[in-house]
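Reviewing the structure listed below.
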Amino acid sequence: MTTLADAAWVTIDDLIRSRGRERPDALAVEVAGQALTYGELDVRSDRVAANLAAFGIGKGDRVASFAYNAIEQLLTWFGCMKIGAVWVPLNVALTGGDLAYSVEDAGPKLLVLDSETRPKVDELAAQRDWQFRIFEIGATGSQGFSTLLAEGPPVPQVAIAPGDPAVIIYTGGTTGMPKGVELPHFAWIAAGYRYIEAFDVRPGDVHYSVLALFHNGGLMIGCIGPLVAGIPTHIERWFSVSRFWPRIRETGATIIDPIGTMVTLLCQQPDGPGDRDHAVRVSLGVLSQVPADIATAFRSRFGIDVVNVYSLSETGGVLIVHNKVGSPKPEANGKGWGWCEIAILDEHDRPKPPGATGEICLRPTKPFTFMLGYFNKPERTVECWRNLWLHTGDLGHLDEDGYLYFTGRQAHWLRTGGENVSAYEIEMVISRYEGIDEAVVVGVPAALGEEEVKLFVKLKPGSSVDPAELIRWASKELAAFKVPRFVEQIDEFPRSAAKREVERHKLKALSNDKAWDAHAVFGRRRARGTAV
């Protein structure tokens, strides 16, 4: 376990500059076919930093990106880190009101996007008074990202501390719109050290990542972890079943990171003699929401050890709780290993005994490893940190040896398409649709694991709603992974006697026999960025 006192670096800019000096010619990272050495990564992010500063970006200012995996995202990120700016990577699935909310909450002075995401931004910008600069990856001219790579003035000297904000990650909430989790510099460095511990990183290791560079998982596991460890990482533009194993063999990867339904899809491919024709020794494991037989099959069929984890953005991202290679309890999510304390608490924040299910609550044991707070939401920050414990909203239990077992999410949370989704967010949007009196969203089991979004609607007297038209409308207002698959009309919602709250567990228990199914009408919708 590494602390501020003995860490080789305490800020991200420190890490990039140090690696650039020490190992200038060694491969650092390849993203979607574009590779950079540590030296090139340092020099090019210096250019981005200098040009950002020339455009008026200073310490504490936000710079957003809205793009599929590309090397330019990392250059934007590290350029921001060198001048004390804060990077805000936005989920490419955002659209309409979802996208507008996140952009306006973050308040960036500059936005980097690509040709695939630009139409969404242009459509919204035409309706709003957005003043920030836009630079497009791959474009030419003054708005092309190449403008940020031009040689220019030197990088301004800015004092940056381990507790300074580095990145804002937007995450779903149970009682409101998405919240910007503000993570400090050292939280990212600490994640890198946890990566070394969890995967038992060795000389000669190579990482292969299929995770998105707008999530903590992709940024910490696919990028920062390998950079701190000093090993090369190869990051795909997006996950592809057909390219997965060929690319692993091509890169010589020894550490990989497929999660959730990706694992299900890999296991559903026909068995073949090449299933173990690879050098992979260990994989990230986020398997609690896939069928149990899939989790077992992945290990045995491909001959790979799996490191289970439990983490969320607020707790400093990935691996805050993790199992280790060769764990005696491979199905557990792991322990805090000195990085955090874990408690299972009841509704009054009283600890529950081993084996009893309650809310998973965490607190850091090292400074600047958890979030600084929710950006622009001090009240929500205080609420989350009630009684000096970070309340995750997740359910689980501890065994007699202190191993954590994640059980599920509280009623307002869904896990779909590899994303954590707030039912409340979807309900807020759907409730605006004409004719709907009340909307309630729950998660129902999906065939590949995780959950499908199911919407229950109570209509206003005398109203009628065509589910197909409702879903077409919702698709323009919500990210694709939030759009409900099932829609069912209900006369009255089941409610608790005491608080008159909707009893979501009863809705979840209902079959889908009476529900309208978007897949039956529109065909199976595949999120952009996943290829088979």
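The values are calculated or read from the model by the stated rules, or taken from the named source; none is laboratory data. It should be emphasised that the depicted structure is a prediction, and the values quoted were computed from it without experimental measurement. Please note: Cβ atoms are built from the backbone with ideal geometry, for glycine as well, and neighbour counts cover all protein chains shown.
Observations
- The condition of being closer than 30 Å to V210 by Cβ and without any contact (Cβ under 8 Å) to a residue 60 or more places away in the chain holds for only one of T369, T407, T392, that being T407.
- Looking only at region 409-436, and only at residues there that are out of contact with any Leu (no Cβ under 6 Å at 6 or more places or on another chain), β-branched (V, I, T) and in a strand (DSSP E or B), the one that is modelled with the lowest pLDDT: T416
- The residues of region 506-524 that are of a type in the set (D, E, K, R) and either in contact with a strand residue (DSSP E or B) (Cβ under 8 Å, 6 or more places away or on another chain) or under 12 Å from P467 (Cβ atoms) (or both), listed by number, are K508, K514, D517.
- Residues in region 242-279 that are modelled with pLDDT under 95 and β-branched (V, I, T) were compared, and the one that is nearest to G303 (Cα to Cα) is V263.
- Qualifying residue in region 88-102 (condition: crowded, with 21+ Cβ neighbours inside 10 Å, out of contact with any helix residue (DSSP H, G or I) (no Cβ under 6 Å at 6 or more places or on another chain) and more than 19 Å from F132 (Cβ to Cβ)): no
- Among the residues of region 369-394, those identified as among the hydroxyl-bearing types (S, T, Y) and buried (at least 20 other Cβ atoms within 10 Å of the Cβ) are T369, Y374, T392.
- Only one of the numbered conditions (1) surrounded by 13 or more Cβ atoms within 10 Å (Cβ to Cβ); (2) in contact with a Gly (Cβ under 7 Å, 6 or more places away or on another chain); (3) not in a strand (DSSP E or B) is not met by H397, and that is (3).
- Each residue in region 326-351 was checked for being at pLDDT 95 or above, basic (K, R) and over 23 Å from the mean Cα position of the chain (by Cα), and 1 of them qualify.
- In region 285-323, of all residues being at pLDDT below 85 and in contact with a Gly (Cβ under 7 Å, 6 or more places away or on another chain), the one that is surrounded by the most Cβ atoms within 10 Å (Cβ to Cβ) corresponds to V286.
- Of all residues in region 164-197 being in contact with a strand residue (DSSP E or B) (Cβ under 6 Å, 6 or more places away or on another chain), small (G, A, S) and modelled with pLDDT under 95, the one that is surrounded by the most Cβ atoms within 10 Å (Cβ to Cβ): G172
- Unique residue being of a type outside the set (S, T, Y), exposed (fewer than 13 other Cβ atoms within 10 Å of the Cβ), modelled with pLDDT of 95 or more and within 16 Å of T76 (Cβ to Cβ) when the list is A161, A150: A150
- Sole exception among (1) out of contact with any Ser or Thr (no Cβ under 7 Å at 6 or more places or on another chain); (2) more than 14 Å from S65 (Cα to Cα) for I137, by number: (2)
- Residue list for region 450-477, restricted to those being buried (at least 19 other Cβ atoms within 10 Å of the Cβ) and either basic (K, R) or within 19 Å of A509 (Cβ to Cβ) (or both): E450, E451, E452, V453, K454, L455, F456, V457
- Residue in region 476-493 that is of a type in the set (S, T, N, Q) and under 20 Å from R415 (Cα atoms) present: no
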